[in-house]
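Okay, so here's the structure we're looking at.
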Amino acid sequence: SVVDFVAKTKDPEVKLGGMTNPGTLTQSFGGVGRNIADCMSRLGAMPLLVSAVGNDPHAASFYISSTHMDVSGVSQLEDQRTATYCAVLNGDGELVLGVGDMDINNQISPNMVSKFASAIELAPFVCLDGNIPVETINYILKLCHYLQVPAWYEPTCVLKSIKAFQSDAWKNLTYLSPNLAELRNIYHMVTGHKEPLVPEAEPTLSQRLQEAVFLVRPLLEYLHCVVITLSRDGVLVCRSTEHHTGFPVGKGNNTVKKTVLTAVHYPVFPKTEQQTVNVSGAGDCLSAGMMNGMLQGLPPDVCVKQGLLAAYNSTQTHSAVPSNIDCTDFSQENINKLHWPSYNIPI
């Protein structure tokens, strides 16, 4: 759980070197885990958020802003600062750099998480992000494997993406949702291979898709599904089964019989005439929208498009999760009305 400060310049290019950039500054609440829980709650689900905040004014604001969520799993810790993050965006809404005070996340220990083992056992799946310590990630993945509960890992950023892959615990994952840069890092960690696979300078969409397919192969020997975010090019959903097979949720569905490798590319939500305001929460909302559809047992195609619609809504507001999300827009009927193509990619 993080207090987000977002600074956005008016110009497309951020001027560095000590210069003052005209722009806007806003405050909201974020953190990958909280964003996903927030978005899912607004869509009608009620996930349990397990996190930590300090005993400070930021924590008080956090609780006020989270009345629509189940935050009974959030611990308030004495002598700790609530996590804060400052994102600097250019005029196009793209993230240029970020500064974070995340020390409190180191307090999210296996012992803290173990208090919620009974809730984890009853959960349809567990989502964890890369902000928590490696030992806690390993503990959660081993616990999910023992309890036969599917686990979804959100890598958070390139530097933190490999946290779940520093031991064999990652093989207990069911879902993974990296961007292409994070996927490269994970592939390098798992295989030890670091050679570039595509030209560094402006690869085409086709080249990026083929690279992603190559990188994901060793992961799908163990995982069921890898959702690769491609920014303005949408997502590539790679699975170890037919693409129309329902996403597994619920106890006993943490492992799925592997039949065939499939990859489907989904472009972004087709309503693109609006200007992008902020992309910092788009990936989190994408995952939340997909998870919401999975909980409803919807077809995979609809789940992914729910995620892309949630991601689009996120790009239209200054906050990571828009407060005006209308869950009726996410019904299977409304999703099916949209002209929204998808493309099978050879794998």
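Scan the stretch 245-272 and report the pairs whose first residue is closer than 16 Å to VAL213 by Cβ and open to solvent by 50 Å² or more (accessible area, probe 1.4 Å) and whose second residue is part of a strand (DSSP E or B) and charged (D, E, K, R), with Cβ atoms within less than 9 Å and a gap of 6+ or a chain change.
Sorted first by the residue in the stretch 245-272, then by its partner, the pairs are VAL260/ARG239; LEU261/ARG239.
Just one of LEU295, LEU286 is open to solvent by 40 Å² or more (accessible area, probe 1.4 Å), within 25 Å of MET46 (Cβ to Cβ), of a type in the set (A, V, I, L, M, F, W, C) and touching a residue at least 40 places away in the same chain (Cβ under 8 Å); which is it?
Answer to the check: LEU295.
Among the residues in the stretch 242-260, are any closer than 15 Å to ASN179 by Cα, at pLDDT 95 or above and touching a Leu at 6+ places or on another chain (Cβ under 7 Å)?
Within the stretch 242-260 (the criterion being closer than 15 Å to ASN179 by Cα, at pLDDT 95 or above and touching a Leu at 6+ places or on another chain (Cβ under 7 Å)), the answer is no, since none of the residues qualifies.
So, of the residues in the stretch 217-235 that are over 14 Å from the mean Cα position of the chain (by Cα) and closer than 24 Å to ALA169 by Cα, which turns out to be most open to solvent (accessible area, probe 1.4 Å)?
GLU221
Of all residues in the stretch 142-197, count the ones that are open to solvent by 30 Å² or more (accessible area, probe 1.4 Å), in a helix (DSSP H, G or I) and either of a type in the set (Val, Ile, Thr) or within 17 Å of ILE228 (Cβ to Cβ) (or both).
7
Is it the case that the stretch 85-97 has a residue that's under 30 Å from LEU295 (Cβ atoms) and either of a type in the set (A, V, I, L, M, F, W, C) or surrounded by 20 or more Cβ atoms within 10 Å (Cβ to Cβ) (or both)? Talk me through it step by step, then tell me what you get.
Let us first name the residues in the stretch 85-97 that are under 30 Å from LEU295 (Cβ atoms), namely 85, 87, 93, 95.
Of the ones still in play, those that are also either of a type in the set (A, V, I, L, M, F, W, C) or surrounded by 20 or more Cβ atoms within 10 Å (Cβ to Cβ) (or both) are 87, 95.
Yes: one or more hits.
For the stretch 249-270: of the residues being among the small types (Gly, Ala, Ser) and within 21 Å of the chain's Cα centre (by Cα), which is nearest to ILE228 (Cα to Cα)?
In this case the residue turns out to be ALA263.
Looking only at residues in the stretch 305-346 that are closer than 29 Å to SER28 by Cβ and of a type in the set (Val, Ile, Thr), which one is most open to solvent (accessible area, probe 1.4 Å)?
Residue satisfying both the conditions and the ranking: THR328.
The values are calculated or read from the model by the stated rules, or taken from the named source; none is laboratory data. No experiment lies behind these values; they were computed from the predicted model shown. All Cβ positions, glycine included, derive from the backbone under ideal geometry; neighbour counts span all protein chains shown. For accessibility, only protein heavy atoms count, side chains too; no ligands or nucleic acids. Shrake-Rupley method; radii C 1.70, N 1.55, O 1.52, S 1.80 Å.
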